[in-house]
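The values are calculated or read from the model by the stated rules, or taken from the named source; none is laboratory data. Here the structure is a predicted model, which means the values were calculated and not measured. Please note: Cβ atoms are built from the backbone with ideal geometry, for glycine as well, and neighbour counts cover all protein chains shown. Side chains included, ligands, DNA and RNA excluded: accessible areas come from the protein's heavy atoms. Shrake-Rupley method; radii C 1.70, N 1.55, O 1.52, S 1.80 Å.
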Amino acid sequence: MPLSPIERPPHREVLPGIHWIQECGRHRVAIAQDLAAHGARWAGGGRELHVPQNAYLLVGERTLLFDTLSPAAGGLVLAALDDILGGRPLDYLAISHPDVPHAGNTGRIRRRHPEARLVAPRAGETHALYHLDDALHVGPHDVIDLGGLTLRFPEATFLDAALHTWMCEETTRTLFTVDWLGFPHVSGECLRRTDEIEAEIDVDRLEAFHSRVMFWFQYVDVDRVRAATDALAREFGGYHLAPAHGLVVREDPERYFQLMNEVVRRVAESGRGGVL
Ligand SMILES: [Zn+2]
Ligand SMILES: [Zn+2]
């Protein structure tokens, strides 16, 4: 019996030197239909609903992988690394936080790329628990110069673990927001930037994700969260946005900070959601 062809692992260079590797998760047609029945036109037409995991490989004179995808995508991320690196070393392996869907392939990648220096957040006190004592610890005052790309590690304003960092790249002006700004997409939208898809990302799509993953928004002081979001918008206004569970935003990123303020207000009012 002939072997089926090996599919090319899904990745693309989305901004100069930034390679986006995407794992689309379970394909859920029934949930897409349900969302469409409740008015989400973007989810209609029998399309599959994807809640993605994203990893980003940054390639300058040196290379750094930010996050590792879930264990189910171990083969995918290793194949994508082979594809993009083309025999070059992986110099750094950085994890945003030790959550399985983000850090679950750390061991596999380190076995394949023993040359990679592990990079972990400085914030938090549980490094020993996650075998991160020997990693290079980074925080808001640290810079990693990849040669052509420059990385900083701003505090994660919105997070789901104490041991956590965001990352930004200053040449392309890109902010990697990890769990914040996630949203589902449908088949046909995989690995597309938000300016490349037909539908405009709206509050409903963002709420569908955050009302589950950041359900603690229901307990927050909305005004304080809005102030924190507005401060982020001032600091990173004009930066491209590269979330771990959404699509890359290149155009009109300011709009997303406003949308997220509305998401927080809604979740604070109506509580935890859960369709995804
Ligand atoms: Zn996550
Ligand atoms: Zn997809």
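From the residues in segment 149-175 that are of a type in the set (A, V, I, L, M, F, W, C) and open to solvent by 40 Å² or more (accessible area, probe 1.4 Å), which one is nearest to Ala55 (Cα to Cα)?
If we filter segment 149-175 for residues that are of a type in the set (A, V, I, L, M, F, W, C), which is where we start, we get 149, 151, 153, 156, 158-159, 161-163, 166-168, 175.
Narrowing the set further to residues that are open to solvent by 40 Å² or more (accessible area, probe 1.4 Å) leaves 159, 162.
On the way: Leu159: 17, Ala162: 20 Å.
Per the stated criteria, the residue is Leu159.
In segment 248-276, what residues are at pLDDT 90 or above, out of contact with any Lys or Arg (no Cβ under 6 Å at 6 or more places or on another chain) and not in a helix (DSSP H, G or I)?
Answer for segment 248-276, where residues must be at pLDDT 90 or above, out of contact with any Lys or Arg (no Cβ under 6 Å at 6 or more places or on another chain) and not in a helix (DSSP H, G or I): Val249, Glu251, Asp252, Pro253.
A quick yes/no check of all residues on (1) more than 30 Å from Gly44 (Cβ to Cβ); (2) touching a Gly at 6+ places or on another chain (Cβ under 7 Å):
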| site | (1), (2) |
| --- | --- |
| His127 | yes, no |
| Leu146 | yes, yes |
| Thr157 | yes, no |
| Leu191 | no, no |
| Ile197 | no, no |
| Phe215 | no, no |
| Gly237 | yes, no |
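Here is a list: Val267, Val249, Val178, Val263. Which entry is more than 27 Å from His38 (Cα to Cα) and open to solvent by less than 30 Å² (accessible area, probe 1.4 Å)?
Numbers: Val267 fails: more than 27 Å from His38 (Cα to Cα); Val249 fails: more than 27 Å from His38 (Cα to Cα); Val263 fails: more than 27 Å from His38 (Cα to Cα).
Every option except Val178 fails the conditions.
Residues checked against (1) modelled with pLDDT under 95; (2) more than 16 Å from ligand 1 (Cβ to nearest atom); (3) closer than 29 Å to Arg28 by Cα:
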{"residue": "Ala162", "(1), (2), (3)": "yes, no, no"}
{"residue": "Thr165", "(1), (2), (3)": "yes, no, no"}
{"residue": "Val178", "(1), (2), (3)": "no, no, yes"}
{"residue": "Ser187", "(1), (2), (3)": "yes, yes, yes"}
{"residue": "Asp204", "(1), (2), (3)": "yes, yes, yes"}
{"residue": "Met214", "(1), (2), (3)": "yes, no, yes"}
{"residue": "Val220", "(1), (2), (3)": "yes, yes, no"}
{"residue": "Arg226", "(1), (2), (3)": "yes, yes, no"}
{"residue": "Thr229", "(1), (2), (3)": "yes, yes, no"}
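Criterion first (closer than 20 Å to Pro101 by Cβ, within 16 Å of ligand 2 (Cβ to nearest atom) and assigned to a helix (DSSP H, G or I)) does Arg205 satisfy it?
Here the answer is yes, as Arg205 does meet what is asked.
Identify, by number, the condition in (1) surrounded by fewer than 21 Cβ atoms within 10 Å (Cβ to Cβ); (2) at pLDDT 90 or above; (3) in a loop (DSSP other than H, G, I, E, B) that Ala233 doesn't meet.
(3) is the only condition that Ala233 fails.
Quick one: Gly238 ticks every box in (1) open to solvent by 20 Å² or more (accessible area, probe 1.4 Å); (2) part of a loop (DSSP other than H, G, I, E, B); (3) touching a helix residue (DSSP H, G or I) at 6+ places or on another chain (Cβ under 7 Å); (4) not acidic (Asp, Glu) except a single one, so which number is it?
Going through the list (1) open to solvent by 20 Å² or more (accessible area, probe 1.4 Å); (2) part of a loop (DSSP other than H, G, I, E, B); (3) touching a helix residue (DSSP H, G or I) at 6+ places or on another chain (Cβ under 7 Å); (4) not acidic (Asp, Glu), Gly238 breaks only (3).
Find all pairs meeting these conditions: Cβ atoms under 7 angstrom apart; at least six residues apart or on different chains; first residue within segment 132-144 and more than 14 Å from Leu64 (Cα to Cα); second residue open to solvent by 80 Å² or more (accessible area, probe 1.4 Å).
His137/Arg122; Gly139/Arg122; Pro140/Glu155
Can you pull out every residue in segment 158-202 that is part of a strand (DSSP E or B) and either within 16 Å of ligand 2 (Cβ to nearest atom) or free of Cβ contacts under 8 Å to residues at least 24 places away in the same chain (or both)? Before the answer, list the steps.
Here is the first cut: in segment 158-202, the residues part of a strand (DSSP E or B) are 167-169, 174-178, 185-186.
Within segment 158-202, His185, Val186 meet the criteria.
Scan segment 242-262 and give yes if some residue there is more than 21 Å from Ile31 (Cβ to Cβ), of a type in the set (D, E, K, R) and within 16 Å of ligand 2 (Cβ to nearest atom), otherwise no.
Checked segment 242-262: no residue is more than 21 Å from Ile31 (Cβ to Cβ), of a type in the set (D, E, K, R) and within 16 Å of ligand 2 (Cβ to nearest atom).
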